[in-house]
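> Below are the structure tokens for one structure; questions will follow.
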Amino acid sequence: MDVFENIPEQAEAKRLLRAALADEGPAHAYLFHGPPGVGKRAAAIAFAPARAASARGRALFAAWKSSDHD
């Protein structure tokens, strides 16, 4: 299932986000930039849970949760 299927247009942005989801080493931040109405919020809302649900995202969360982060 494509997490970006409900986002029209923006083929290049969706390609880059799909590549980020497939990447083993996630970036520390992702910037969604552009004029109003191009789908930044929709893309970010679709991207965030997909990134967190990836195997790498789950591993990073487990490592953080088990560390001393007070």
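> In region 7-62, carbon and sulfur make up what percent of the accessible area (probe 1.4 Å)?
On the way: 2600 of 3990 Å².
Roughly 65 percent of what the probe reaches on region 7-62 is carbon or sulfur.
> Here is a further query. With everything on Cα atoms, drop me the angle between helix 40-53 and the longest principal axis of the chain, reported from 0 to 90° to the nearest 10.
30
> Calculate the length of the line joining the C-alpha centroid of region 36-53 to that of region 2-29, in whole Å.
9
> Taking the Cα atoms only, what angle lies between the long axis of helix 55-66 and the longest principal axis of the chain, rounded to 10 degrees?
Here the helix axis deviates by roughly 40 degrees.
> Just to confirm, what accessible area per residue do you get for the chain at 1.4 Å probe, in whole Å²? Write down the numbers at each step before the final one.
Details: 5420 Å² over 70 residues.
Accessible area per residue, the chain: 77 Å².
> Still on this structure, please answer the following. Would you calculate, for the chain, the mean residue ellipticity at 222 nm contributed by helices, counting each DSSP H stretch of 4 or more residues as -39,500 (n - 2.57) and dividing by all residues, to the nearest 500? Kindly include the intermediate steps, with their values, before the conclusion.
Details: 3 runs with 38 residues, N = 70.
Calculated at 222 nm, the ellipticity per residue is -17000 deg cm²/dmol.
> In addition: If you compute Cα extents along the principal axes in Å for the structure shown, which of (1) 42, 26, 17; (2) 45, 20, 17; (3) 52, 20, 16 do you land on?
(1)
The values are calculated or read from the model by the stated rules, or taken from the named source; none is laboratory data. The shown structure was predicted, so the numbers you read here are calculated from the model rather than taken from an experiment. Heavy atoms of the whole protein, side chains included, go into the accessibility calculation; ligands, DNA and RNA do not. Shrake-Rupley method; radii C 1.70, N 1.55, O 1.52, S 1.80 Å.
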